[in-house]
Amino acid sequence: MIAVNQLINEIEKLPSEYLQDIMDFIDYLRLKQVKNVSETMIMSEKSLDKYWNTPEEDEAWANL
């Protein structure tokens with residue numbers, strides 16, 4: 001596994017004109033992560049439906 005310090009050292013060696021490219025790539029990775037989490041939530045929703053959509057669940061969450 002690559003250590004954070006190793007990444008920082010490599011970034012510091014690059015010319016400053018590449019910094020925006022690095023930030024763009026970091027943003028891309030963040031969006032990719034959010035997309036993966038969202039897709040997993042959507043895919044699991046149907047399988048969890050039988051547990052969530054019950055009178056007991058409705059009662060438990062009614063006061064929130």
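The values are calculated or read from the model by the stated rules, or taken from the named source; none is laboratory data. Computed from a predicted model, the values in this text were never measured in an experiment. To get the accessible areas, we keep the full protein, side chains included, count just its heavy atoms, and leave off ligands, DNA and RNA. Shrake-Rupley method; radii C 1.70, N 1.55, O 1.52, S 1.80 Å.
Details
- Qualifying positions in region 1-22 - among the aliphatic types (A, V, I, L, M) and in a loop (DSSP other than H, G, I, E, B): Met1, Ile2, Ala3, Leu14
- Test result for Trp52, at pLDDT below 80 and among the hydrophobic types (A, V, I, L, M, F, W, C): yes
- Taken residue by residue, region 23-34 has no member that is open to solvent by 100 Å² or more (accessible area, probe 1.4 Å), β-branched (Val, Ile, Thr) and in a helix (DSSP H, G or I).
- Residue within region 43-64 that is assigned to a loop (DSSP other than H, G, I, E, B) and hydroxyl-bearing (Ser, Thr, Tyr) present: yes
- Glu45 being at pLDDT below 85 and acidic (Asp, Glu): yes
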